[in-house]
Amino acid sequence: MNKIFSILSVAALLFSGGCGDGTESLSPSAPEPNYFEVDASDNSQEAQLRRSFRDDTGIYLIFSDLLATYTDEYGVQREERVDFNWGMTTSSSDNDPTFDVLEDSEKSNVTELIKRYFIPYINVEGGSMKPYSVLLVKNLEKRISSGRYMPADYVSCWRCFGINATDWIGADDDEAKSLGYSLLQSLIQDRLNYTSSELIPFFEISEEYYELEYISKAAPEWIDNQDMEIIYNLGFLDYYPDWMDDPAYDEFQNESNDFKSFLSGLFDPDFEETWKDYPQIMLKYNTLKKCIEDIGIDFNAVK
């Protein structure tokens, strides 16, 4: 089966092009078909839905990983499928997801809800989060180990972002808005972690405290009263208590957990009101939000 992205095919092409006696003349080959594009002769309801989605968002819409079937020049039946083992990075893979296709009666409403309540968050021109295509399916699961699968909100590869639309089927506007926000949160949590270079401005704010490790080194008064105002004023939302209950060895959150705490805060509608009187916390909150917006997320896109 042909894969959309076949490294071996490219290598074979380069190899064959490098052989010979040098007398061959190269003739231009036909352009590679875009299998995500709706066939121009297809006027079905699904085809119109897919064209409309593409026109409105600039993103291709598909409902199956099977993009095309055809007979090649040698009479061999071929298939073109989305290859979810070709990850967004050279080291990532979504490990053979399984899913069911949507019923025809489900496609229109689900598409409209996802287009309205999720796509705007990531449909930022020039942003790295905007997908080339979106696959809408249901009962999506990803393999986590040999023979073991677990439900997944989404699955992604180089040219496709697959969404588990199970919970969107029959959802009303309020439910769909909540689903879109939850999906955005899952996407950001998977996309970024404490090693991400995009987050350097966030971590620089508290770098000295990560290195100090113990709160008492930055604030000796912590030993006497363990006043939470101390860590709040230093820009932290929580801390690690010493397992022997000695305040001298209570620790600041490390980079990973500090990031997770503030990322949760980004999705808390009351965060800014709760922490408005703590300048360092608000500085870290706004810096993290800016870092995430810079990769192509618009938190304000859905009203």
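Values for this structure:
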item: Unmet criterion (only one of (1) part of a strand (DSSP E or B); (2) surrounded by 15 or more Cβ atoms within 10 Å (Cβ to Cβ)) for T111; result: (1)
item: Within the stretch 126-166, considering residues that are within 21 Å of A301 (Cα to Cα), modelled with pLDDT of 95 or more and not in a strand (DSSP E or B), the one nearest to the chain's Cα centre (by Cα); result: M129
item: Any hit, the stretch 159-172, residues being under 28 Å from S256 (Cβ atoms) and surrounded by fewer than 20 Cβ atoms within 10 Å (Cβ to Cβ); result: no
item: Residues of the stretch 201-217 satisfying the condition of being closer than 20 Å to N286 by Cβ and surrounded by fewer than 18 Cβ atoms within 10 Å (Cβ to Cβ); result: P201, E204, I205, E207, E208, Y210
item: Close pairs (6 angstrom Cβ cut-off, 6 or more residues apart or separate chains): surrounded by fewer than 18 Cβ atoms within 10 Å (Cβ to Cβ) in the stretch 122-140, of a type in the set (S, T, N, Q) and part of a loop (DSSP other than H, G, I, E, B) anywhere; result: K130/N123
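The values are calculated or read from the model by the stated rules, or taken from the named source; none is laboratory data. In this text, all values refer to a predicted model and were calculated from it rather than measured experimentally. Positions of Cβ are generated from backbone atoms using ideal geometry, with glycine treated the same way; all protein chains shown enter the neighbour counts.
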